[in-house]
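Heads up, the thing below is written out as structure tokens.
The values are calculated or read from the model by the stated rules, or taken from the named source; none is laboratory data. As the structure is a prediction and not an experimental result, all values here were calculated from the model. Quick reminder, even Gly has a Cβ in these numbers, built from the backbone with ideal geometry, and neighbours come from all protein chains shown. In case anyone asks, the SASA skips ligands and DNA or RNA and just uses the protein heavy atoms, side chains included. Shrake-Rupley method; radii C 1.70, N 1.55, O 1.52, S 1.80 Å.
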Amino acid sequence: MDQHEGLKKTPFYPMHLKYGGKVVDFGGWALSVQFSGILDEHQTVRDQIGLFDVSHMGEATIKGPQALSYLQHMVSRDLTPMKVNQVFYTHLLYPSGGVVDDLMVTKLRDNDYYLVINASNAEKDVAWLKEHAGGYQVEVKDISAATGEVALQGPYAQATLQKLTRADLGALGYYHVIPAAEVAGIRVMISRTGYTGEDGFEIMCSPEDGPALWEALMEAGDDFGIKPIGLGARDSLRFEAGMPLYGQELDAETSPLEARLARFVSLDKPEFIGRAGLMERQQRGLAKVLVGLEMVDRGIARHGHPLLQGGNEIGYVTSGMYSPTLGRNIAMGYVPPSLSAIGTEIQVGIRGKALRAKVVKMPFYRRPKK
Amino acid sequence: MAYPADYKYTKSHEYIKVEGNMGIVGLTNYAQDQLGDIVFVELPEVGGEVKQGEPFGVVESVKAVSDCYSPVGGKVVAVNDKLNDEPGTINADPHGAGWIMKVEIADKGEFANLMDVAAYQKHAEEEAKAGHH
């Protein structure tokens, strides 16, 4: 009997069952929220190494003689400085400056790009990309179904992966890829990226090779205490590292400027969808900015809780939880710029009570330099 | 983990251990397992009144916020303050050191709405099978 009937399965679904994952319906995907426990998994990635199934992420390719000029129109960041095998984090924007999605763009060759997009936005993104492709000599292809993806994250990620490949990982810089490598005899693309705040890799493979790749990585990481990691720790890890999550820190109304991601936006690029909206927001002055918060009173601020001052609602919490690494209750949220200075005291409305919190520096966690 | 035979249980996965007029209330092993690592507990106030089937406190795991429903009505006579600093005690020992509150039971007639261990075990197994996670 199919325990998770009606849900989409990744190529690693058998691994979720084999390794005792607590499988849930995550936006229509059968994925594990946890394996050994969120706190344990979180700490394992910070101190050792963890393996994540991230195959639900969407992938698309953009190819054709005008691929670069098309993408320059589509994303908010100037891609002309990109070198082959480099990865850029950027955004697809609505004309208003609100975010369609945040994504990773890899340049494989001139006019040949590889996009990784959010699972929950994949269909919307591909439709948006195709809708605007008319007039460009470019082919937009959704290759999500043909791609398995794992993330190998933590201080021992390189030591683990190097056991299985002749590719020189020491020479692979952060936000760069090796487009065609062999890992345990399996053809993959290796990207030195992640969503945890740790060093690590994201590895793309053919779906049919997924389980063999997973088992090879688990075996190679055994000496370093590797564990499978679920969605719960994926969220707590990215949250501590101050990385935005679409639907929480980013959405159709919020631009990268409010989310303090201006360093990824090239307003000096002459034209892209959303540029006028961003300029207007900047000229008018931002209505809200993202801040880090730490609870002063006992309580945990959660997504959607109101932020208050003097009894008035002045903003909202986008993400909040107990930080396993810091041992404190922290959050991210939007407040007016006038209340965004470090140390500002505000309150969080939690179950009818106004509990004190203060604005603190983000990210909450930065990995120790080697 | 075995469920104590002498406790009574709710459908919402709380237990009560009855000692004379007093009841010790906590979350069952099934509840803590479903929640995962508990990182915060909001305890009721000592001296406050609780009602059967109504929320008396909140437990939060890394991901989820969950109300706790009182198995009986009565007056809260003690709370497990240790949970403020060590909420994970509920995970480690739900039926013992992880207790949440002690209640002076107002009406033992309310026990009719609770389950014995056999009925509760069946209930928890059915929920697990139905995929309530």
Farthest toward positive dipole pole in region A:58-145 [+1 Lys/Arg, -1 Asp/Glu at C-beta], among A:67, A:104, A:119: A:67
When all protein chains stay in place, what accessible area (Å², nearest 10, 1.4 Å probe) is found for residue B:68? 0 Å²
Around residue A:204, what is the net charge, scoring Lys/Arg as +1 and Asp/Glu as -1 over all other residues with Cβ under 12 Å from its Cβ? -3
Find the Rg to Rh ratio for chain A, where Rh is the Kirkwood radius over alpha-carbon pairs and Rg uses the same atoms. 0.97
GNM result for chain A, Cα springs below 10 Å: residue of A:247, A:221, A:311 fluctuating most strongly: A:311
Output for region A:274-370: GluC sites (Glu not before Pro) sitting in coil per DSSP, at most 12 other Cβ within 10 Å, listed by number, reads none
Size of the A/B contact, given as accessible area buried on both chains, probe 1.4 Å, in Å²: 1600 Å²
Just for the Cα atoms in region B:11-107, what are the lengths along the principal axes, largest first, rounded to whole Å? 35, 26, 20
Go through region B:1-98 and name the trypsin sites (Lys or Arg not before Pro) that are in a DSSP coil and have 14 or fewer other Cβ atoms within 10 Å of their Cβ. B:51
Reachable lysines from residue A:18, Cα under 24 Å, same-chain residues fewer than 8 places away excluded? A:8, A:9, A:163, A:227, B:63, B:129
How much of the accessible area of region A:139-238, in percent, comes from carbon and sulfur atoms when a 1.4 Å probe is used? 50 percent
Tell me the per residue accessible area of chain A using a 1.4 Å probe; a whole number in Å² is fine. 41 Å²
Do the sum for the protein assembly as shown: with -39,500 (n - 2.57) for every DSSP H run of n ≥ 4, divided by all residues, what is the mean residue ellipticity at 222 nm, to the nearest 500 deg cm²/dmol? -5500 deg cm²/dmol
With only Lys, Arg, Asp and Glu charged, each at its Cβ (+1 for the first two, -1 for the last two), find how big the charge dipole of region A:106-169 is about the Cα centre; round to the nearest 20 debye. 240 debye
How about region A:1-93: which GluC sites (Glu not before Pro) there are in a DSSP loop, with at most 16 other Cβ atoms within 10 Å of their Cβ? A:5
Could you give P(r) for region A:156-290, binned at 10 Å from zero, as whole percent values over all Cα-Cα pairs? 10, 31, 26, 20, 11, 1
log₁₀ I(q)/I(0) of region A:58-145 at q = 0.17, 0.18, 0.20 Å⁻¹, via Debye over equal Cα point scatterers, no solvent, to two decimals? -0.61, -0.70, -0.88
Relative contact order (percent) for chain A, with alpha-carbon contacts under 8 angstrom and 6 or more residues of separation? 18 percent
